[in-house]
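Novice: This is the structure, below, for whatever I ask next.
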Amino acid sequence: MKFRKIISCICLLVLILCGCQTAQTSDSKSQLVKTDNDEGSQFFTMMYCSTDSFNPYKSKSRVNQLINLLLYDPLVKLDSTFSPVNIIANSVKVEGKTCIVKIKDIKFSDGSAVKAEDVVFSLKVAKASQTKYAQQLAQVVSVSAQDDVTVCITLAKNDPYFANLLDFPIIKTNSDTATDKDNKELPAVGCGRYTVDLTEKTLKANESYHLGAPKIKSISLLNAPDREAVEGYLGTGNISIYYSDLSDGILPSMNGVANIVELNNLVYLGVNTEDVLLKNSNLRYAVSSALNRSDICSTAYYSYATPAKGPYNPVWEDSKGVQTIEEVGNINIAIANLKEIGYNNKDSQGFYVNDSGHRIVLSLLCNSDNTVRLNAAKLIKEQLAAAGIELKIDAVDWNTYTARLAAKQFQLYLAETKILTNADITELVTFGGSVAYGISDPEKSQKADSSADSESKTAQGNTGSMIAVESADEHNREKGENNNLSCAQAVSGFYNGTLSLADVITAFIGEMSVIPVCYRCGIEIHTSRLSEGLQCSVSDPLFGFENCTLN
């Protein structure tokens, strides 16, 4: 963590982030909250669910999934900048559609060697599972062990960032089917920092752990079979560490040191690019420029979000310096774009109108079950009003919301999607993509674009805001031939190796058919008795835990 702030009390914030489904800045922040209960625990404790599995590909409960991070190591983990760090892997080399992984000379907790065949087995189990790892590995066509330490993975397409997806747990071949004498499932064998003793209800340090034996030798487990039990333990101060991705919408009320965990969950405004008003790119630029993303993060998301600067997470190392959307917005640029499309005057309520006296009125589809996102929508409405654009919030229940999205019955919609850590935005910006609800059929769009070539356009300036230029032709001359590419074409070109990440960002911002707002974060909380050293990340909120001690 880059800085720590001492505060004297804790705010119990209820965040309804994801409805019925499913940072402050780029720097992470820690908060220290101390109470009498916080100092009362004599042991390090975690929650588990006795009725859930400790198989990383079967466990359903959040508490067991957290423990699994201590029991099983992956090939790589991502650090706080979304850069891969080799764990079991000694090296990862990706060329085109081929990924070659060399593994280290390490052992499972039972003393047997970790071999390439175990990686192959684990990848196949992960790909077939009902977990997030299945989606991550969907593009894997085949996997094989070339020798004891070499794994060859063949992909469906070129993916220079495929290494970022190799954080799936490695288990010993066939150990996931082991049972005890009562035919009860036993935990799979891993090579992580701890092993689990179900009889004593403890986690025991793996003294042969390849990155050094954990400093905390034993962790007591308390059974929390349901949400009520989890909340009870958190409230009484009996738990030493806890993590939530906040997908359930509740900020934990546990006392201690709280770390923001940067996730890859993009909150955005989807745009119906076939709408009579929003098919004009200047209006889309005006909406984007009117947004104060920093204010949305701090106010609507209580600082558990990071302002978006483009399509990619701004904490991702490779996106830094190439994404230029302003965090606080620019009303002057928004107004300039409105004037480009003939909205030159204000009415008595401060909204811009055209020569006929008609103002722009947009509708924002939002899930009414989602309190935080509904608050964000209200803030967006205020920000657009400040730029002279009227926005009406269309808040509906989850079922109606999803049905309206599928039927493309919206102008704008507020949503969240989890982008894989290989930064593939194909499904978001490509017609027919799983979350590309507002993207137009490119064949229809081409006809519409050809009739609009003579209209004025808006280009991306050095400041990261949209600025007016004289014509599309001038815009094209300034940006080069790649300027005419849609974002979907640019993404395809990136994976074909003909375009760069910067080209994708340029096309994304030039098209602005998706308006990024922020990246939502998770939270890790631990007792103030735990020493510093955690490097909480999207791969592992307990990254570095083996080096921590108790004070």
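Novice: Please list, by residue number, every one of the trypsin sites (Lys or Arg not before Pro) in the range 97-133 that is coil in DSSP and has at most 10 other beta-carbon atoms within 10 Å.
Specialist: Sites meeting the loop and neighbour criteria: none at all.
Novice: OK, next. Which cross-chain or sequence-distant (5 or more) residues have an amide H under 5 Å from the amide H of Ile106, H modelled 1.01 Å from N in plane?
Specialist: Result for Ile106 returns Val114.
Novice: Could you pull out the pairs from Lys132/Lys217; Lys172/Lys217; Lys77/Lys115 whose alpha carbons sit more than 21 Å apart here?
Specialist: Distance filter (> 21 Å) returns Lys132/Lys217; Lys172/Lys217.
Novice: Report the charge-dipole magnitude of the range 183-280 in Debye, nearest 20, computed about the Cα centre from +1 at each Lys and Arg Cβ and -1 at each Asp and Glu Cβ. It would help to have the intermediate numbers written out before the result.
Specialist: Numbers: 8 positive and 12 negative charges, 99 e Å.
So the dipole magnitude of the range 183-280 works out to roughly 480 debye.
Novice: To the nearest 10 square angstrom, how much accessible area does Thr430 have with a 1.4 angstrom probe?
Specialist: 40 Å²
Novice: Further question on the same structure: Rolling a 1.4 angstrom probe over the protein chains, ignoring ligands and nucleic acids, what is the accessible area of Arg404 in square angstrom, nearest 10?
Specialist: About 50 Å², ignoring ligands and nucleic acids.
Novice: Apply the Karplus parameterisation 6.51 cos²θ - 1.76 cosθ + 1.60, with θ equal to phi minus 60°, to every residue of the range 423-431 and state each ³J(HN,Hα) to the nearest whole Hz, in sequence, with x for glycine and proline.
Specialist: 6, 8, 9, 3, 5, 8, 10, 9, 3
Novice: Taking the alpha-carbon centroid of each part, what is the distance from the range 198-267 to the range 91-168 in angstrom?
Specialist: 27 Å
Novice: On full extension of the chain, what length is gained from Asn496 through Lys408, given 0.36 nm per residue of separation minus the C-alpha to C-alpha distance? Walk me through the intermediate numbers first.
Specialist: On the way: separation 88, 0.36 × 88 = 31.68 nm, distance 3.05 nm.
Result for the pair: 28.6 nm of gain on full extension.
Novice: At 1.4 Å probe size, with no ligands or nucleic acids counted, give the accessible surface of Phe351 in Å², nearest ten.
Specialist: Here the residue's solvent-accessible area equals roughly 30 Å².
Novice: Right, here's the next one. What are the ³J(HN,Hα) couplings of the range 150-159, residue after residue, when phi is run through the Karplus curve with 6.51, -1.76, 1.60 and θ = phi - 60°? Round to Hz, x for glycine and proline.
Specialist: Using θ = phi - 60°, the values come out as 10, 10, 10, 10, 9, 10, 6, 8, 4, 8 Hz.
Novice: To continue, here is another question. How large is the charge dipole for the range 116-186, taken about the Cα centre, if only the Cβ atoms of Lys, Arg (+1) and Asp, Glu (-1) carry charge, to the nearest 20 debye?
Specialist: Values: 7 positive and 10 negative charges, 60 e Å.
It comes to approximately 280 debye.
Novice: Show log10 I(q)/I(0) for the range 160-249 at q = 0.13 Å⁻¹, two decimals, from a solvent-free Debye sum over equal Cα scatterers.
Specialist: Here the Debye-derived log intensity ratios amount to -0.68.
Novice: Using a simple charge model, +1 on the beta-carbon of Lys and Arg, -1 on the beta-carbon of Asp and Glu, nothing else, what dipole does the range 121-248 show about its Cα centre, in debye to the nearest 20? Please report the intermediate quantities before stating the final value.
Specialist: Values: 13 positive and 16 negative charges, 47 e Å.
The calculated dipole for the range 121-248 is roughly 220 debye.
Novice: How large is ³J(HN,Hα), in whole Hz, for each residue of the range 179-190 in order, when computed from phi with the Karplus curve 6.51 cos²θ - 1.76 cosθ + 1.60 and θ = phi - 60°, using x for Gly and Pro?
Specialist: For the range 179-190, the Karplus-derived couplings read 9, 8, 5, 9, 6, 8, 4, 9, x, 5, 8, x Hz, x marking Gly and Pro.
Novice: Scan around Leu530 for amide H atoms under 5 Å from its own, H built in the peptide plane at 1.01 Å from N, and keep only partners 5 or more places away or cross-chain.
Specialist: When sequence neighbours closer than 5 places are left aside, the close amide H contacts are Asn551.
Novice: Mind listing the long-range amide H neighbours of Gly329? Cut-off is under 5 Å, sequence gap 5 or more, other chains count too, H placed in the peptide plane at 1.01 Å from N.
Specialist: Distant-sequence amide H within range of Gly329: Arg293.
Novice: Of all the accessible heavy-atom surface of the range 484-551, with the other protein chains kept in place and a 1.4 Å probe, what percent is carbon and sulfur?
Specialist: Working: 890 of 1930 Å².
Carbon plus sulfur share of accessible area: 46 percent.
Novice: Taking the dipole about the Cα centre of the range 103-169, with the C-beta of Lys and Arg at +1 and of Asp and Glu at -1, give me whichever of Gln136, Val114, Val151 is farthest to the positive side.
Specialist: Selected residue: Gln136.
The values are calculated or read from the model by the stated rules, or taken from the named source; none is laboratory data. Since this is a predicted model, take the numbers as computed values, not measurements. Every residue, glycine as well, gets a Cβ built from its backbone with ideal geometry; the counts of neighbours run over all protein chains shown. The protein model used for the area step is the full one, side chains on, heavy atoms only, and it has no ligands, DNA or RNA in it. Shrake-Rupley method; radii C 1.70, N 1.55, O 1.52, S 1.80 Å.
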